[in-house]
Amino acid sequence: MMADLFTRGIDLSGTPDTNPNYGQLRPSYNQAPGQYKKTELGWLPEEWGVEKLETLLAKIPSAMRSGPFGSALLKHELVEQGIPLLGIDNIFVEKFENKFKRFVTQEKFNELSRYSVRSRDVVITIMGTVGRCCVIPEKTETSLSSKHLWTMTFDVKKLYLN
């Protein structure tokens, strides 16, 4: 089912009143070859584009990054209050949980600011429960990514956002 969704998509042409297949899985390439185009990824719906991930990233330093590793952030540098350090326990499938357990001082945050997390960043867990991802909501307080997360900042002008 996921392969079909990623290669065929949902038919949103017309309206539910004018298209009896509106909201349903599109017909396959074999059933409707005129609705598809050949791409480097295979046959995809005619109106879909194919972009390399790096072309969608914001033009900022470290637009794609993991959190600090090694001696950059040691356990004894965590504090009970301050700037939140996001971890696996904050990232769920399409859901951000803003209950924070780990914090760093403002000074440590300034030192590690290249690992900061911004509103609308896409964050993916890369250790523990690998592959959970979500979009950081608007108005999320300033925070820092841990080494267990991969963070991407996209150029929102290049993305379709609701």
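Descriptive notes on the structure:
- Only one of the numbered conditions (1) surrounded by fewer than 10 Cβ atoms within 10 Å (Cβ to Cβ); (2) part of a loop (DSSP other than H, G, I, E, B) is not met by Asn21, and that is (1).
- Subset of region 72-94 [open to solvent by 100 Å² or more (accessible area, probe 1.4 Å) and either over 22 Å from Met152 (Cβ atoms) or at pLDDT 95 or above (or both)]: Lys75, His76, Glu80, Gln81
- Assessment of region 28-41 against the conditions (within 27 Å of Thr153 (Cα to Cα) and surrounded by 10 or more Cβ atoms within 10 Å (Cβ to Cβ)) yields at least one matching residue.
- On the stretch given as region 37-79, residues that are part of a strand (DSSP E or B), farther than 23 Å from Arg118 by Cα and touching a Ser or Thr at 6+ places or on another chain (Cβ under 9 Å) total 4.
- For the criterion of being open to solvent by less than 100 Å² (accessible area, probe 1.4 Å) and within 21 Å of the chain's Cα centre (by Cα), Pro68 passes.
- Among the residues of region 95-117, those that are open to solvent by less than 90 Å² (accessible area, probe 1.4 Å), closer than 19 Å to Cys134 by Cα and in a loop (DSSP other than H, G, I, E, B) comprise Glu97, Phe100.
- Some residue of region 118-140 being part of a helix (DSSP H, G or I), surrounded by 15 or more Cβ atoms within 10 Å (Cβ to Cβ), in contact with a Phe, Trp or Tyr (Cβ under 9 Å, 6 or more places away or on another chain) and not acidic (Asp, Glu): no
- Failed criterion for Trp150 (all others in (1) under 21 Å from Lys59 (Cβ atoms); (2) assigned to a helix (DSSP H, G or I); (3) not acidic (Asp, Glu) hold): (2)
- Unmet criterion (only one of (1) exposed (fewer than 11 other Cβ atoms within 10 Å of the Cβ); (2) among the acidic types (Asp, Glu); (3) out of contact with any helix residue (DSSP H, G or I) (no Cβ under 9 Å at 6 or more places or on another chain)) for Asp4: (1)
- Only a single item in (1) over 26 Å from Ser119 (Cα atoms); (2) in contact with a Leu (Cβ under 7 Å, 6 or more places away or on another chain); (3) among the small types (Gly, Ala, Ser) is not met by Ser28, and it is number (2).
The values are calculated or read from the model by the stated rules, or taken from the named source; none is laboratory data. Everything numeric in this text was worked out from a predicted model, so none of it was measured. Here Cβ is always computed from backbone atoms with ideal geometry, including for glycine, and neighbour counts include all displayed protein chains. Accessible surface areas use protein heavy atoms only, side chains included; no ligands, DNA or RNA. Shrake-Rupley method; radii C 1.70, N 1.55, O 1.52, S 1.80 Å.
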